[in-house]
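As structure tokens, the structure follows; a few thoughts come after it.
The values are calculated or read from the model by the stated rules, or taken from the named source; none is laboratory data. Since this is a predicted model, take the numbers as computed values, not measurements. Glycine gets a Cβ as well: all are built from the backbone with ideal geometry, and neighbour counts include every protein chain shown.
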Amino acid sequence: MLSTWLTEKLGLQVPIVGAPMGGRAGGKLAGEVSRAGGIGMLGAARYATPDWIAAEAAVARALGGKVGIGLMTWALDDDDTLLGAALEQRPELLSLSFGDPAPYVDRAHAAGAIVCSQVNTLEDLRVVEAAGVDLIVAQGHEAGGHTGHIGTLPLLQEILESTKLPVVAAGGIANGRGLAAVLAAGAVGGWVGTALLASPETIGPDYARDALIQARGAETVYTSVFDQARSQPWPERWGGRALANDYTERWHGAGASTDELAAAYDPTDPNVGVVYAGQVAGLVNASEPAGDIVRRMGSEAEALLRRWG
Ligand SMILES: Cc1cc2nc3c(=O)[nH]c(=O)nc-3n(C[C@H](O)[C@H](O)[C@H](O)COP(=O)(O)O)c2cc1C
């Protein structure tokens, strides 16, 4: 068994966090990741409700015992209702990502959560360290969903050199090779999103699973057009990585107004609706149960790392 700070603190068999993914990671996915020995997280999107969080956390706990919850920090700054709703569920792990978590960390600790934040730069690291988080997540540009501009490997090395806190790597980890690589570099675990996204336990439209299975690694785009089209007020510095489709071909980089983008957007059209996914899209070739993916990733990583003894 691979033993790290993460596995010891959270009582895991596999050093894998099932990434919080708004609109895609609910209780079933999180629960299956935890049941397989990792810890799965619910992705509470900005439009999630307290009832959704309570219901999905109950599903995850019933399946896997443990649950993590991921919130968008910038979205709490106007209204922190979702933080209260998340903490009521007593999550073992709480992610406060994309923004300064300082106003919220004490409350999360008082509720018993280990608090982590995804960071995209060294400056972000300093902000979340000062806020008192327990665990850093170095999230690279190749990640699916919203992310920064530095690739996982350069960022991970820089962050590991610059902090005494434990660090998990996110972005581009899809099999045992990816997990072994970041563990060998000094990370305490892998934070895995895209690799789980074709699993039957995900939520969201069927076309999202199908499109991911078809997509190659080169077929993603880092863009803000979907945020503009859907009136998601993400701070400008974070674009989102999604599968390229007819919509991005037409509108990404076209300089269109928000009204034009919104008028052209149709989430029911499989060639237009957003499918956030990372550059490991090319490694996802079938719809497999999330638990199988987590167990295989853990055992493959262990076998690879043993070779170096
Ligand atoms: C569909 C999707 C939705 C996401 N939503 C969130 C979110 O709500 N909160 C968050 O902190 N990160 C979110 N992320 C980022 C993931 O937490 C994670 O950093 C990323 O998936 C890791 O890279 P990978 O996709 O290459 O595994 C999302 C990613 C994807 C693919």
So, in the stretch 62-79, how many residues would count as being without any contact (Cβ under 8 Å) to a residue 60 or more places away in the chain, closer than 15 Å to Ser97 by Cα and either touching a Pro at 6+ places or on another chain (Cβ under 6 Å) or among the hydroxyl-bearing types (Ser, Thr, Tyr) (or both)?
4
Checking Ala264 against (1) hydrophobic (A, V, I, L, M, F, W, C); (2) out of contact with any strand residue (DSSP E or B) (no Cβ under 6 Å at 6 or more places or on another chain); (3) within 25 Å of Gly140 (Cα to Cα): exactly one of these is not met. Which one?
(3)
State yes or no: is Ala30 within 15 Å of the ligand (Cβ to nearest atom) and assigned by TED's automatic domain parsing to the domain that holds Ile293?
yes
Evaluate the following for Ala113: is it surrounded by 24 or more Cβ atoms within 10 Å (Cβ to Cβ) and touching a helix residue (DSSP H, G or I) at 6+ places or on another chain (Cβ under 8 Å)?
no
Within the stretch 195-202, identify whether any single residue is over 19 Å from Asp124 (Cα atoms) and part of a helix (DSSP H, G or I), and answer yes or no.
yes
His141 within 11 Å of the ligand (Cβ to nearest atom), closer than 28 Å to Thr223 by Cβ and assigned by TED's automatic domain parsing to the domain that holds Ala290
yes
Residue within the stretch 148-167 that is assigned to a loop (DSSP other than H, G, I, E, B), within 13 Å of the ligand (Cβ to nearest atom) and surrounded by 23 or more Cβ atoms within 10 Å (Cβ to Cβ) present:
no
Output for the stretch 53-80, where each listed residue is within 16 Å of the ligand (Cβ to nearest atom) and in a helix (DSSP H, G or I)
Ile53, Glu56, Ala57, Ala60, Thr73, Trp74, Ala75, Leu76
How many of the residues making up the stretch 1-18 are farther than 13 Å from Met297 by Cβ and aliphatic (A, V, I, L, M)?
3
Counting just the residues of the stretch 1-27 that are among the β-branched types (Val, Ile, Thr) and away from the ligand (no atom under 16 Å from the Cβ), which one comes out nearest to the chain's Cα centre (by Cα)?
Thr7
Hey, among Ala242, Ala211, Ala254, which residue is among the small types (Gly, Ala, Ser) and surrounded by fewer than 18 Cβ atoms within 10 Å (Cβ to Cβ)?
Ala254
Any helices (runs of 4 or more DSSP H) falling wholly within the stretch 205-309 and containing at least 1 residues that are of a type in the set (Val, Ile, Thr) and touching a residue at least 60 places away in the same chain (Cβ under 8 Å)
206-214, 290-307
Restricting to the stretch 184-205, what's the tally of residues that are surrounded by fewer than 19 Cβ atoms within 10 Å (Cβ to Cβ) and more than 18 Å from Ala143 (Cβ to Cβ)?
5
Every residue in the stretch 33-52 that is within 11 Å of the ligand (Cβ to nearest atom) and in contact with a strand residue (DSSP E or B) (Cβ under 8 Å, 6 or more places away or on another chain), please.
Met41, Leu42, Gly43, Ala44, Ala45, Arg46
Since Gly99 meets every condition but one in (1) more than 18 Å from Gly132 (Cβ to Cβ); (2) within 16 Å of the ligand (Cβ to nearest atom), which condition does it not meet?
(1)
In the stretch 281-303, the residues that are aliphatic (A, V, I, L, M), under 18 Å from Gln214 (Cβ atoms) and surrounded by fewer than 24 Cβ atoms within 10 Å (Cβ to Cβ)
Leu283, Ala286
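Answer with yes or no whether Val272 is more than 29 Å from Gly178 (Cβ to Cβ) and in contact with a helix residue (DSSP H, G or I) (Cβ under 8 Å, 6 or more places away or on another chain).
Here the answer is yes, as Val272 does meet what is asked.
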Identify the residue in the stretch 36-68 that is farther than 18 Å from Arg90 by Cα and in contact with a helix residue (DSSP H, G or I) (Cβ under 6 Å, 6 or more places away or on another chain) and, among all such residues, is surrounded by the fewest Cβ atoms within 10 Å (Cβ to Cβ).
Arg46
